[in-house]
Each structure stands twice: as structure tokens, then as C-alpha cells.
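One structure below.
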Amino acid sequence: MSFPRTLGELRRSPFSEELLRTRHVKDELRDNLVIKLRQDGPIFAGIVGYDDTVVPQIVNAILSRHNFILLGLRGQAKSRILRALTTLLDPQMPYIAGCEIHDNPYVPICRRCRELVASDGDSTPIDYLTSEQRYVEKLATPDVTIADLIGDIDPIKAAKSGHHLSSEMTVHYGLLPRANRGIFAINELPDLAGKIQVGLFNIMQEGDVQIKGYPIRLPLDVALVFSANPEDYTARGKIITPLKDRIGSEVRTHYPASVEEGITITAQEAWTERNGHKMLIPKYVQEVIERIAFVAREDKKIDKRSGVSQRLPISVLENVVSNAERRAIRHDEKLVVPRISDIYAAMPAITGKLELEYEGEMKGADSVGRELIRSAIAKTFDEYFTGVNMQQVVQWFDLGGEIQLSDSAGAVEVLDLLRTIQGLMDKLGKINAGSKDGVESQVSAAEFVLEGLHAHKRIGRNEERVFTAGEKQPKRQDKPFDRDETPLRPRRTFN
Ligand SMILES: [Zn+2]
């Protein structure tokens, strides 16, 4: 398909003056959104868990032609949603070729283009931008200047062109004018200095801006979208009131509401489909990984303000798969099946993603990380094994049984050891692993049971991953025994 290359051809094409002259970016977003709403599919592909909460609010903001802000903790897909807005732009947009601010061919705002159209008329050359090219993103930091954002007087340009410094012909445009007729996203808006916020507000309000004291008029056509941490945004004095006032909608994002939703997001984002090895990630491994994030979000030792990003379970899953892959390569195994021990080996993907409170710092990131994994295992174990009698397995250890389950040990080697634990292998049906399954799957499942018992402190495990009898707790007699357990010795009674 060939597109019109001059203003004259453009006039006679579907990109007519009637259609384009007054159609602003926000009208375009709205029009394309309306078309999508009439169809049945998702509005933003790949955004999971926001169908009933965030997405309808964004849809309303766009239908209202608002500038809007997404408020949420890190790792809540804010940037991803903002980038997905490009799917609501036309695939191709004509502009006057060579214009730094992508002027509308029918109503150019820069002086260069106005003069060009006046002299060349219908032969003015036309070029096109794709929807992705119309998205400009900036992470706000305190050192962002007016020059970065809006522009600067360029004395060399002035000297070369012979124009006066106050002429707009001498301006070197910043990011915002370069986003003209597109979407401009500013992440972490509260980090922008007050003076810059004023500049931003002026351009939103009047299309006026002062650069180094010279007033310049730039009636830009930009859809402005922002993101921020909610506490920063609502903190007094962080955002100038008139700017806040001009942001039409505030939309709150959130973490996945259920473990299942989290698993879907993690499975979609993590790199697990690797060439070469057949892979089988057990459901309970996925659940434990996801619950690490859920448990961490509730943990007092971790900073609530900063949150626990969805990137944590994503990176953990990638590391878990790598550890399992490494083991499979070493032992020449056909099937890669991650185990719970691979999750402990994924500590490097956990510690860096937690902002610790004082109490957590005292304990150390590693120890906090291990505690999180352990309580994620305990919760997942309960999902499958509540009410299942494990006494036979526990007793095997109480009678002096020991077994080492290194995360680097091959499956065949370990399975023989596991089979010596009476009652263990017939429990695996609960997690859909049986003797008909591959050796790798059976080992992973059996290890999950032992890790679960350890997480509940019913059996012990040391640093070398040797499982042993649980610590003999002197208080144990005072606690009621589990229904399925029989006390080893009857309680002594005093008369
Ligand atoms: Zn122009």
C-alpha cells in the first residue's frame, strides 16, 4: 500500500482535511477505543487481573479525553499499560516531512512548517509515523530540566540562521514538543522539580511556555499520562495543585488478587520456554513461587510503601528453571522438573527485590528470604495435604532415618533413597505424581512433601539439606496432638 507523499495527494486521500484538521490525539484514542469496545476481545492484550478494576477506569478516562495518572506500587504493570495505549493509535499518521514536532499537515504550528506550506503549497512533502513512534516516555528525576522537557534556546542555531534569539526558529525542542500528536508518559511524576511541574502545567493549560525568559507559544496536541507511587503522589507539596487539577482521572493499580492470577502473569512473563530441554513445571512449584510474593507483601519486615514487585516471582521462576536445567544437563536427564530446593537456590532473585524495614535488616536479607520461602511452602503444603496422615513418614525420621536431598543430585540416584522412607511415595497421588510418572517428577513431588513437613517443623533439615528427625521440643506435650497422630508415649499422670 502506498501512502500520499505530498500535501496535494493527501487532500484527495482518506487522510482528508475534513478528517484530520480538528482530530486531536485524544479523539483518535477515543475513536479507536470505541471500535475495540464494539469487538469482543480484550482492550489491552496481555494485561491480566485488571479486567474488572483498572481497565474499566482507564477506558472511562480515555472516553472522557482525560490526561490520567496510574497510582500504584512497583511491579504493577503501570508502564506496561501506558505503553499499551499505542494500540489505540492509528497505525500510520501523516505529518509534514522533516518537522521536529510532527506538525499536522493541515494546521502546522511551527514557523518552519507554516512558511513551508505557504511557499510550497500542495507539493509540501508528507511523511508518516507508526503508532510506536508516537510514544515518548520519560522517567522523572529531580535533575530533569526545562531544557530536557520543553526545550532550550540554541545560540548556534540562532547564529547560523541569522534569527533573533527570541525567535522560535532558534529553539532546540525538548521531549514534550517532540511527542506532539502522540502520547507522552512521565513515570514517577512526584520526582519532577516544582519548576518543571509549572512548565508542564503551562503547556497543558495554554500551550505557552517560557524558555530562558522568552515566551514561546506551542499549542501542542499531546495525550499526557503519568505514573506514581501513591504515597509520594498524595504527600503534601509533592505535586503542585494546578497540575493535579489538570489530571482528569486517577486510577489505582494493584497486585494480583489471587495466587492463580499471579501464576498466570508470572507464566506469561517469565522466560521458561527454552530450546533444547523438555520441561515440566509442577503446579505446586508455581504456587510456592507465587506465594513468596504474597507472603512478602504481608510481612512486617518488608517495606509496605515500596511493595513487592511482580518481577520477584517472575525472576524466581526463571532462576528455578535454570537451576533445574543445570541439574538436568549435568545428569543427562531427558526431562527438566524443578524442585522446591531450586527455589531456595533462587535466593539471588529474591533478596535484591525486597526493601527491608529495620527489623528485616537486623535479620539479614538471606534469612528473611528463607523465611518467606518456608512459609510459602507451608501454605502450599496445606492446600494439598491438610488432613492427610503423615505420621508414618515423620516416624521414619524419628526412628533415626536420614536422607540428603541436594539440589544438584540426579533424580535416579535420589529416588532409590526416597523409596526407603515408608509411606512417602504413596502420598504423592495428592499432587498428581505417581509411579507412572517420570523419575524426575516423582523426586520433585517427594521432596515437596518433605519440605512441607519441614516447613511445619515436623521434621528437621540442616544446611547440607540432610532431612532428620524434628527437634524434640520440650513444650510439645502441652500442645494438642494432630488428630491423625498418636502420641508415642502416654502422658504421665500425677495423682
Ligand atoms: Zn513543523
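The values are calculated or read from the model by the stated rules, or taken from the named source; none is laboratory data. From a predicted model like this one, the values you see are computed outputs, not experimental measurements. FYI the Cβ positions are ideal-geometry reconstructions off the backbone, even for glycines, and counts take in every protein chain you see. Just so you know, the surface numbers come from the protein's heavy atoms only, side chains and all, with ligands and any DNA or RNA stripped out. Shrake-Rupley method; radii C 1.70, N 1.55, O 1.52, S 1.80 Å.
Exactly one residue out of 333, 325 is outside any helix (DSSP H, G or I) and open to solvent by 10 Å² or more (accessible area, probe 1.4 Å), and it is 333.
Taking the criterion of being outside any loop (DSSP other than H, G, I, E, B), within 30 Å of residue 308 (Cβ to Cβ) and open to solvent by less than 50 Å² (accessible area, probe 1.4 Å), the residues of the range 209-241 that qualify are 224, 225, 226, 227, 228, 230, 232, 233.
From the set of residues in the range 407-449 that are in contact with a strand residue (DSSP E or B) (Cβ under 9 Å, 6 or more places away or on another chain) and open to solvent by 10 Å² or more (accessible area, probe 1.4 Å), which is farthest from residue 460 (Cα to Cα)? Step by step, filter the range 407-449, then rank; the result is 438. Pairs meeting the criteria (first residue in the range 369-393 and within 19 Å of residue 297 (Cβ to Cβ), second residue open to solvent by 50 Å² or more (accessible area, probe 1.4 Å), beta carbons under 7 Å, at least 6 apart or on different chains) are 378/456. Scoring residue 379 on the criteria (1) open to solvent by 50 Å² or more (accessible area, probe 1.4 Å); (2) part of a helix (DSSP H, G or I); (3) farther than 24 Å from residue 432 by Cα leaves a single failure, condition (3). In the set (1) in a helix (DSSP H, G or I); (2) under 38 Å from the mean Cα position of the chain (by Cα); (3) not polar (S, T, N, Q), residue 434 fails one condition alone, (1).
Restricting the range 450-461 to residues that are part of a helix (DSSP H, G or I) and farther than 16 Å from residue 401 by Cα, which is least open to solvent (accessible area, probe 1.4 Å)? Explain how you work it out, then say what you get.
We begin by selecting, within the range 450-461, every residue part of a helix (DSSP H, G or I); these are 450-455.
Cutting the leftovers down to farther than 16 Å from residue 401 by Cα gives us 452, 455.
Numbers: 452: 0, 455: 16 Å².
Looking at the filtered set, the residue picked out is 452.
In summary, residue 109 fulfils each of the numbered conditions (1) at pLDDT 95 or above; (2) within 11 Å of the ligand (Cβ to nearest atom); (3) of a type in the set (Val, Ile, Thr) with the single exception of condition (1). Close Cβ contacts (under 9 Å, 6 or more residues apart or on different chains) running from residues in the range 111-136 that are free of Cβ contacts under 8 Å to residues at least 40 places away in the same chain to residues that are among the aliphatic types (A, V, I, L, M) and within 12 Å of the ligand (Cβ to nearest atom) comprise 113/96; 113/101; 116/96; 127/96; 127/97.
State the number of residues belonging to the range 68-77 that are open to solvent by 20 Å² or more (accessible area, probe 1.4 Å) and not small (Gly, Ala, Ser). Write out each step before concluding.
If we filter the range 68-77 for residues that are open to solvent by 20 Å² or more (accessible area, probe 1.4 Å), which is where we start, we get 73-74, 77.
Among the residues that remain, those that are also not small (Gly, Ala, Ser) are: 73-74.
Looking only at that region, the number is 2.
Taking the range 1-67 as the region of interest, the helices (runs of 4 or more DSSP H) fully inside it that hold 2 or more residues being surrounded by 16 or more Cβ atoms within 10 Å (Cβ to Cβ) are 7-11, 25-38, 54-63. Somewhere in the range 287-294, is a residue assigned to a loop (DSSP other than H, G, I, E, B), of a type in the set (Phe, Trp, Tyr) and either open to solvent by 10 Å² or more (accessible area, probe 1.4 Å) or under 26 Å from residue 382 (Cβ atoms) (or both)? Checked the range 287-294: no residue is assigned to a loop (DSSP other than H, G, I, E, B), of a type in the set (Phe, Trp, Tyr) and either open to solvent by 10 Å² or more (accessible area, probe 1.4 Å) or under 26 Å from residue 382 (Cβ atoms) (or both).
Residues that are crowded, with 19+ Cβ neighbours inside 10 Å, part of a helix (DSSP H, G or I) and either more than 28 Å from the chain's Cα centre (by Cα) or more than 16 Å from the ligand (Cβ to nearest atom) (or both): does the range 177-185 have at least one? Looking through the range 177-185, at least one residue is crowded, with 19+ Cβ neighbours inside 10 Å, part of a helix (DSSP H, G or I) and either more than 28 Å from the chain's Cα centre (by Cα) or more than 16 Å from the ligand (Cβ to nearest atom) (or both).
Yes/no per residue for (1) within 16 Å of the ligand (Cβ to nearest atom); (2) closer than 28 Å to residue 245 by Cβ; (3) within 21 Å of the chain's Cα centre (by Cα):
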| position | (1), (2), (3) |
| --- | --- |
| 23 | no, yes, no |
| 37 | no, no, no |
| 50 | no, yes, yes |
| 87 | no, no, yes |
| 97 | yes, no, no |
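Return a yes/no flag: does the range 298-310 have any residue that is buried (at least 16 other Cβ atoms within 10 Å of the Cβ), within 19 Å of the chain's Cα centre (by Cα) and closer than 24 Å to residue 443 by Cα. No, there is no match, as no residue in the range 298-310 is buried (at least 16 other Cβ atoms within 10 Å of the Cβ), within 19 Å of the chain's Cα centre (by Cα) and closer than 24 Å to residue 443 by Cα. Taken over the range 193-208, the criterion of being free of Cβ contacts under 8 Å to residues at least 60 places away in the same chain and open to solvent by 10 Å² or more (accessible area, probe 1.4 Å) is satisfied by 193, 194, 195, 198, 201, 202, 203, 205, 206, 208.
Looking only at residues of the range 197-228 that are within 28 Å of the chain's Cα centre (by Cα) and modelled with pLDDT of 90 or more, we find that the one that is farthest from residue 132 (Cα to Cα) is 197.
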